[in-house]
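Below you'll find the structure, written out as structure tokens, and then a few comments.
The values are calculated or read from the model by the stated rules, or taken from the named source; none is laboratory data. Not measured: the values here are computed from a predicted model. No Cβ is skipped: glycine too gets one built from the backbone with ideal geometry, and neighbour counts run over all protein chains shown.
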């Protein structure tokens, strides 16, 4: 639940906490790409942002669930 299927890809921007290196980028990217419909993830490490290109629109809670087992937190959808 918490997802809406769209025919066209859209971008969602996530504000993330606890990312500090390229290894963090790899981990967050891997977890986000595991979500259905997510095709690309671009991490902006310095800004603490993840740009997610997806055909399924997810809410904040779903993104938080995906990263729940990691040290990374999704603070908000921007």
Is it fair to say residue 40 is closer than 12 Å to residue 11 by Cα and either touching a helix residue (DSSP H, G or I) at 6+ places or on another chain (Cβ under 9 Å) or modelled with pLDDT of 95 or more (or both)? yes
Whichever residue in segment 65-76 is over 9 Å from the mean Cα position of the chain (by Cα) and assigned to a strand (DSSP E or B) and, among such residues, is farthest from residue 20 (Cα to Cα): 76
Residue pairs meeting the criteria (Cβ under 6 Å; at least 6 apart or on separate chains; first surrounded by 11 or more Cβ atoms within 10 Å (Cβ to Cβ), in segment 20-35; second in a loop (DSSP other than H, G, I, E, B)): 25/45; 28/72; 31/67
What's the number of the only condition in (1) at pLDDT 95 or above; (2) touching a strand residue (DSSP E or B) at 6+ places or on another chain (Cβ under 6 Å) that residue 3 fails to meet? (1)
Checking the structure you have, find out if any residue of segment 49-64 is in contact with a strand residue (DSSP E or B) (Cβ under 7 Å, 6 or more places away or on another chain), within 16 Å of residue 13 (Cβ to Cβ) and in a loop (DSSP other than H, G, I, E, B). no
